Every structure is written in C-alpha cells, then in structure tokens.
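**Q** Quick one: structure below, then a few questions.
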Amino acid sequence: MIVLIVVVVVLAVLLAAATGALVATRRQLSAAEAERDALAGQVERLESRPAGSRRRGRALRTVVETAVESANRLREGGVAGLLASSIEDLTRWASEDREIRRFTAEDGTITILFSDIENSTSLNDQLGDEAWVRILAAHDALVQRAVEANHGHIVKSQGDGFMVVFRTPADAVRCGIAMQDAFESNSHRALRRTPIRVRVGIHAGTVVERDGDFFGTNVAMAARVAAQAEGGEILVSDDVRQALREVEDIVLVDFRETDLKGLPGVHRLWEVAAV
C-alpha cells in the first residue's frame, strides 16, 4: 500500500508541475529534492525492519532513484520533457514490481526451477537437426503444459533448458513431477520413437528482477542444483525441503552433500521420490 501511495504522490506532483509551469523554478526543484531526501529517510528506516518492511524499503528506493533522475531532467529539459519520461519510467517500474509480486511468497522468496535434457548435444548429433527439432517441440509442449497446470511462469527457455518461477516450493515440485511423468509415459509420438530423460533442480530464495528476467545468487543456486541431477531425477535444495515439511503428498529421500560450483560451503540436496 505504501508503495502505491508513493507512486500516486509522485505522479500527482509531476502532473501538477506540467499544468502549472513549463519551466521549473528553483523553488520547485528545492521542494522535489527535499521530498527525495524524506523518501530516502523512509527507505533507511524500513530496510532496518523485518523482511516485509525491507521489501517495501527496496521498492521505495526505486521511487527515490526515479526522483533523483527526475530532478536532473527538470534542470536539463523543463517540465514538458520531464513529464513524458517520468510517467514512462514509473509505469514500467510499477509493472515490473507487480510481475515479481505475483510469484513472491509471504516470506519474500521465489521458487526457481531449472530443467534440461540429459545428453542433449549427443542426441542432437545422433538424430540430426530436423529430427532434433521435432524432439524439442514435443519436449517444450510437455514442459509448458506442466508449468501452466501448476501455476508457474516460464522466465526463459534456451535450447533444451527452461527456467521457471513459482510462488511456492510445492507448486514447483508438483510441476517437476508432472514433467517427469509426462516424459516417462512418452505420450508424444516423437518421444515414443526417441525417449528423453530430463533433469530438474529446484531452489527457493530472494531474487532480483529486471526486464522480465530474474537474477542473483539464488538463481545460480537453482541452476547448480539442476546440474547435479541425473536424467529422470528431481533434486531440491535443503531450503526447499524445509518449506515442504508439512506437505504430505511430496516425499523426499536420499539426501546427498556436495559442492556447488561458485557457491561456498557444502550443500545438502534431496531427491523427490516417485509417486
């Protein structure tokens, strides 16, 4: 709520400035800078509080940064030039903030699933490009169906791999199970002729979103978990296991401890049992 209020206030200030004058006065600029400083103080106070408040603080910081850019534009181009660019920036920011909130759990985390086809390069070489494209089309259709059925969002696909985000670890694991069941049954004609095995890795944590993509250490962690999986296997991090303790229809077995490239320490990974 506080973020929306701040956005409305900033837009109101910009519209009032546009109708009131074409050139900013020193007095208006000083008021804008004072408001920026006040918002910065709110950010510092919110970011020192618990997780929910820190998220609001980060969102407010985005508004503060927008205000700083707006002040610079005000000096350079006057109110007319400021209006269009600032509304565009704030609209884009508000849209991106809503997108990440769709998949953010109450504790501020997002669950990330990575998948890819085991030995895909060798398969492509054996089958040739034309047949491989048919395999990829069948694979992609099954992945997309499982993601939609389990409330996920495909962030991107590259070659034979997918990155998908979910609001809860349970949805992510159920999606992984649905994917593996589909590949195991070889329900698509192309996959009956050429069965494939898919690796799935899942991790949950806070992320950074920009231009529809997700970044950060926890994204790298999810990718590293997937890299540890074998074809037909779903591996989850210990953070995901903790979140699934009270989920009765998901069973985890056979933990392993391993190093993950680029990430310090030893990490415990768990396999999702077939049901």
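The values are calculated or read from the model by the stated rules, or taken from the named source; none is laboratory data. The shown structure was predicted, so the numbers you read here are calculated from the model rather than taken from an experiment. Cβ: placed from backbone, ideal geometry, glycine included. Neighbour counts: every protein chain shown.
**Q** Kindly establish whether residue 133 is in a helix (DSSP H, G or I), at pLDDT 95 or above and out of contact with any His (no Cβ under 8 Å at 6 or more places or on another chain). Break it down into steps so the answer makes sense when it comes.
**A** On the way: in a helix (DSSP H, G or I): yes; at pLDDT 95 or above: no; out of contact with any His (no Cβ under 8 Å at 6 or more places or on another chain): yes.
In short, no.
Rundown of residues vs (1) surrounded by fewer than 21 Cβ atoms within 10 Å (Cβ to Cβ); (2) not in a helix (DSSP H, G or I), yes/no style:
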residue	(1), (2)
182	yes, no
192	yes, no
196	no, yes
201	no, yes
220	yes, no
226	no, no
235	no, yes
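**Q** Which residue, of 249, 259, 238, is more than 28 Å from residue 134 (Cα to Cα), out of contact with any strand residue (DSSP E or B) (no Cβ under 9 Å at 6 or more places or on another chain) and not basic (Lys, Arg)?
**A** Residue meeting the stated conditions: 249.
**Q** Looking only at segment 91-130, count every residue that is at pLDDT 90 or above, on the phi < 0 side of the Ramachandran plot and out of contact with any Pro (no Cβ under 9 Å at 6 or more places or on another chain) and tell me the total.
**A** Count: 18.
**Q** Tally up the residues in segment 105-130 that are within 28 Å of the chain's Cα centre (by Cα) and in a helix (DSSP H, G or I), please.
**A** Number of matching residues: 2.
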